[in-house]
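This report refers to the structure that appears directly beneath it.
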Amino acid sequence: MLAEQSKRYLEHLARGGSSVHTTDAYAADLREFVKSLRLQDGSSPDAAAIDLLMLREWLAGLYRRQLAAVTIRRKLAAVRGLFRFLLREGLVAKNVARLVRTPKAPKKLPEVLTPDQVKGLLDGVSAGKLERPNPTRDQAIFELLYGCGIRVSELAGLNLEDVDRTEGWLRVRGKGRKMRQVPLPGKASEALERYLCERPVVRDEAAVFLNHRHGRLSDRGIRGIVKLYATYVNGDPSIHPHSFRHAYATHLLADGADLRAIQELLGHARLSTTQKYTQVSLTDLMAVYDKAHPKA
């Protein structure tokens, strides 16, 4: 019934190129959704039997648990995606989840590392004071995260054939398997070159970054590496791979880069997604004004 239909939808997401992170999050949300709608005999209802009242009761339960608005929005997005898929498959007559109002999420600007903070962290990584089995790999990870502004899933998904070492480009697989090219700046290129010279030659393994078992380094593995160094060097375990993507975009914008060019570099489908970095820059500008201007 609904549990099996949810499984089919998740398989559809995986085939369509959705990231592992997104698929795993939706899988957890849908398991919880199915569990909340179980019938008295313990079975789950068919999707066609779910009406607007049932969905509103489910949503009310999320509010009673005092979940954050962004969490509720994600859970609702998972359910809407499920019903959209079932509508295309002809298993439901309409997407009743579209009739549920989306809770408003508070607008929160991303906290952005300053250029000095990024430089200090990258210098700390390259100093090699933290005993690690593969320091050149770790340094290359940090340099690419900041130097190229790519997502952690895109970094983990890089293959050797995606690196154009002569022309200085990376071929990146973004969300929905959309391909784009990203410039490989000097320091990132040098760090990557040092790592590739040391990278073990593993037959049938095309991944650029390898783990200790000589397999592809996962998203989770990269997050762990970033947290380890951020805690040791900066004393800040809240720094994560996406922190460098925020910094990349904000620092480019602050130095005069065109917003549409930044959109292309980041692989954003909509310019509105990129525009949040304009707000960050304006916030920083106002802080400088308030601190420096005599009439502030």
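Throughout, read-outs are computed from the coordinates displayed, never taken from laboratory work. Quantities reported herein were computed from a predicted structural model and do not represent experimental measurements. Counting neighbours? That spans all protein chains shown, and the Cβs are built from the backbone with ideal geometry, glycine included.
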- prompt: Relative to the Cα centre, what is the charge dipole magnitude of region 133-205, using +1 at the beta carbon of each Lys and Arg, -1 at the beta carbon of each Asp and Glu, and rounding to the nearest 20 debye?
  reply: 380
query: What area, in nm² and to one decimal, does the C-alpha convex hull of region 140-251 cast on average over all directions?
result: 7.4
message: Using helices alone, I'd like the mean residue ellipticity at 222 nm for the chain: each DSSP H run of four-plus residues gives -39500 (n - 2.57), total over residue count, nearest 500.
response: -17500 deg cm²/dmol
task: Within region 147-165, find all residues whose amide N lies under 13 Å from a label point positioned 7 Å from the Cα of SER126 along Cα-to-beta-carbon.
output: 147
query: With respect to the cross-link table entries LYS94/LYS178; LYS75/LYS104; LYS75/LYS227; LYS35/LYS227, which display a Cα-Cα separation exceeding 24 Å?
result: LYS94/LYS178; LYS75/LYS227; LYS35/LYS227
field: Eligible aspartates and glutamates near LYS119 by straight Cα distance, threshold 14 Å, same-chain separation 8 or greater
entry: GLU143
- request: Using only Cα atoms, locate the centre of region 226-281 and the centre of region 14-91, then give the distance between them in Å, rounded to an integer.
  value: 31
query: Normalised by the residues of the chain, what does the relative contact order come to in percent, with Cα pairs under 8 Å and at least six apart?
result: 16
field: Extension gain, ALA28 back to ALA206 (0.36 nm per residue minus Cα-Cα distance, nm)
entry: 61.0 nm
message: Please enumerate, by chain and number, the aspartates and glutamates with C-alpha under 18 Å from the C-alpha of LYS276, excluding those fewer than 8 residues away in the same chain.
response: GLU111, ASP255, ASP258, GLU264, ASP284
task: Subtract the Cα-Cα distance of THR273 and GLN66 from 0.36 nm times their separation in residues, and report this length gain in nm to one decimal.
output: 71.8 nm
query: Ordered by packing density, taken as the mean number of other Cβ atoms within 10 Å over each peptide's residues, highest first, how do 65-75, 17-27 rank?
result: 17-27, 65-75
- prompt: With r defined as the distance between the Cβ atoms of ARG220 and ARG73 and R0 fixed at 25 Å, what FRET efficiency is calculated, to the nearest 0.05?
  reply: 0.60
message: Just to be sure I understand the model, the point goes 7 Å from the Cα along the line to the Cβ. What's the resulting GLU167 to ALA254 distance in nm?
response: 3.2
- prompt: Okay, which of region 63-100 sit inside 11 Å, backbone N to the point 7 Å along the Cα-Cβ direction of ALA49?
  reply: none
Charge dipole magnitude, Cβ of K and R +1, D and E -1 - the chain, Cα centre, debye nearest 20: 1140
query: What is the distance, in nm, between label points placed 7 Å from the Cα along the Cα-to-Cβ direction at LYS175 and at ARG8?
result: 2.6
message: Projecting each Cα onto the charge dipole of the chain (Lys/Arg +1, Asp/Glu -1 at the beta carbon, about the Cα centre), which of THR250, LEU52, ILE72 comes out farthest on the positive side?
response: LEU52
Overall dimensions of region 2-99 by Cα: Rg and Dmax, Å: 12.9, 37
task: With a 10 Å radius around each residue's Cβ, average the other Cβ atoms per peptide and rank 85-92, 57-64, highest first.
output: 85-92, 57-64
Positive-end residue of LEU217, PRO241, LEU122, charge dipole of region 115-290 with Cβ unit charges: LEU217
- request: Quote to one decimal, in nm, the extra length available between MET1 and LEU160 on full extension: 0.36 nm per residue of separation minus the C-alpha distance between them.
  value: 52.9 nm
field: Relative contact order of region 183-248, defined on C-alpha pairs under 8 angstrom at six or more residues apart (%)
entry: 16
